[in-house]
Amino acid sequence: MALLFSSQGDDADLWRHNMATELPDLDFRVWTPDGQDIGDANDIEYALVWKPRKGALKEFQNLKAIFSLGAGVDHLAGADLPKGVPVVRLVDRGLTQGMSEYVAYWVLHHHRRFDAYADMIAENGWQRLAQKDAHGRRVGIMGLGVLGRDALEKLKPFEFDLAGWSRTPKTIPGVKSFAGEDGLQEFLKRTEILVCLLPLTPETTSIINAQTLALLPEGAYLINAARGGHVVDNDLIEALDSGHIGGATLDVFHTEPLPDDHPFRAHPKVHLTPHIASITMPETAARAVADNIRRIRKGEPPEPVVDPETGY
Ligand code: NAP
Ligand code: GLV
């Protein structure tokens with residue numbers, strides 16, 4: 001019984017250590033680019049991967065589950081995975097908490113006008129700016145899944161006027177919920193601080209574009225912590241330059257690392273972070289993966305399994 005591990009980072013030793021603590025009987029095999037360390041391919045029952053080579057996982061005949069090293073699974077879309085093997089998203093306390101920290105930090109940053117204060121101080125200014133009451137600050141999250149819902153819960157103590165948008169309708173106490181294409185316009189029209197926490201699927205690709213940005217109120221702020229493919233970059237730059245969008249915090253990009261000459265790099269209204277809104281930490285995530293392996297061993301399905309129809 002073995003787990004095949006393949007990541008883009010240098011965290012194999014930490015994963016090995018944490019998986020051994022959880023499941024001492026599970027052999028941990030690191031998949032190097034030359035495929036050297038994996039031993040007998042028939043031993044491999046689980047794969048824990050970020051971006052496997054196209055078709056490469058088909059080699060493992062006894063594979064019972066493919067675990068994503070992240071919450072998102074869009075990176076697996078072109079991987080030509082073996083049919084019938086469940087693909088499991090990462091749902092983990094540490095990952096969820098990290099995202100809520102990121103969202104809360106940037107929502108508060110914008111709500112309290114810290115960019116305007118930084119600009120003023122840089123010019124030797126010293127004055128108070130008008131401050132909006134949190135009760136009137138309309139914050140909206142696109143995506144009411146594991147991450148979106150937790151971020152909303154963490155924002156509740158600040159008493160913002162909260163809303164969310166999802167594919168299927170939701171009832172969340174203290175949150176105005178909008179759903180589907182019909183609900184999108186109304187949701188955007190009321191949203192001053194927009195947070196994107198959607199999965200990247202054919203339906204959500206380029207969802208933040210000239211038309212949707214135009215629906216946001218003048219001066220609205222965007223926080224994209226989901227995937228770069230949600231945003232039409234040129235449309236966002238035009239909306240920022242026209243002043244319709246007041247600013248943006250972007251963590252994810254069409255190409256990562258963000259190219260040196262990308263216009264976001266030097267844009268005065270854009271804050272950039274290098275895809276760190278939430279970081280998978282083996283210390284907490286190994287428990288989530290191990291729990292699912294324990295479920296499979298008991299004959300129960302792992303969760304959450306990606307629905308091939310919706311792509312998330
Ligand atoms: P999740 O639990 O699967 O939730 C996805 C949410 O998006 C659900 O509420 C879903 O609606 C909604 N949705 C999907 N398609 C939609 C559509 N066409 N229209 C409207 N709503 C739609 O996902 P999650 O765990 O919260 O993660 C969300 C994403 O965050 C991941 O896919 C990943 O790309 C990103 N992420 C980024 C980082 C980072 O560091 N930047 C870290 C972790 C995750 P229903 O509830 O109706 O199904
Ligand atoms: C990171 O981007 C993730 O999907 O967990």
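The values are calculated or read from the model by the stated rules, or taken from the named source; none is laboratory data. Here the structure is a predicted model, which means the values were calculated and not measured. Cβ sites come from the backbone with ideal geometry, for glycine too, and all protein chains shown count toward neighbours.
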#### Entry: Qualifying positions in the stretch 165-177 - surrounded by 21 or more Cβ atoms within 10 Å (Cβ to Cβ) and more than 8 Å from ligand 1 (Cβ to nearest atom)
Val175
### Query
When only residues in the stretch 39-53 that are under 29 Å from the mean Cα position of the chain (by Cα) and among the charged types (D, E, K, R) count, which is modelled with the highest pLDDT?
Glu45
#### Entry: Selection count where residues are of a type in the set (S, T, N, Q), farther than 14 Å from Leu14 by Cα and touching a Gly at 6+ places or on another chain (Cβ under 9 Å), scope the stretch 266-287
1
### the stretch 218-232 - residue that is more than 16 Å from the chain's Cα centre (by Cα) and closer than 20 Å to Asp115 by Cβ and, of those, nearest to ligand 1 (Cβ to nearest atom)
Tyr221
### Message
I'd like to know if the stretch 31-43 contains one or more residues that are surrounded by 17 or more Cβ atoms within 10 Å (Cβ to Cβ), aromatic (Phe, Trp, Tyr) and away from ligand 2 (no atom under 13 Å from the Cβ).
### Response
yes
#### Entry: Residue pairs meeting the criteria (Cβ under 6 Å; at least 6 apart or on separate chains; first more than 20 Å from Tyr105 (Cβ to Cβ), in the stretch 248-276; second surrounded by 14 or more Cβ atoms within 10 Å (Cβ to Cβ))
His254/Gly228; Glu256/His275; Pro263/Ile237
### Residues being more than 19 Å from Gly219 (Cβ to Cβ) and surrounded by 10 or more Cβ atoms within 10 Å (Cβ to Cβ) - total across the stretch 124-140
1
### Members of the stretch 64-74 found to be within 12 Å of ligand 1 (Cβ to nearest atom) and more than 22 Å from Leu194 (Cβ to Cβ), listed by number
Ser68, Leu69, Gly70, Val73
### Query
Can you name the number of the only condition in (1) surrounded by 14 or more Cβ atoms within 10 Å (Cβ to Cβ); (2) within 16 Å of ligand 2 (Cβ to nearest atom) that Met120 fails?
(2)
### Message
When you scan the stretch 114-135, do you find a residue that is touching a residue at least 60 places away in the same chain (Cβ under 8 Å), assigned to a loop (DSSP other than H, G, I, E, B), on the phi < 0 side of the Ramachandran plot and touching a Lys or Arg at 6+ places or on another chain (Cβ under 9 Å), even just one?
### Response
no
### Task
Filter the stretch 81-93 for residues that are away from ligand 1 (no atom under 11 Å from the Cβ) and farther than 20 Å from Ile141 by Cα and give the result.
Leu81, Pro82, Lys83, Gly84, Val85, Pro86, Val87, Val88
### Condition check for Asp261: more than 16 Å from ligand 1 (Cβ to nearest atom) and either farther than 24 Å from Asp13 by Cβ or touching a strand residue (DSSP E or B) at 6+ places or on another chain (Cβ under 9 Å) (or both)
yes
### Task
Look at Gly94 and say whether it is touching an Asp or Glu at 6+ places or on another chain (Cβ under 9 Å), within 16 Å of ligand 2 (Cβ to nearest atom) and small (Gly, Ala, Ser).
yes
### Task
Looking for whichever is under 26 Å from the mean Cα position of the chain (by Cα), over 17 Å from His275 (Cβ atoms), within 15 Å of ligand 1 (Cβ to nearest atom) and modelled with pLDDT under 95 here; the options are Ala56, Ala77, Ala104. Which one fits?
Ala77
### Message
Take the residues in the stretch 75-100 that are free of Cβ contacts under 8 Å to residues at least 60 places away in the same chain and of a type in the set (D, E, K, R); name whichever of them is surrounded by the most Cβ atoms within 10 Å (Cβ to Cβ).
### Response
Asp80
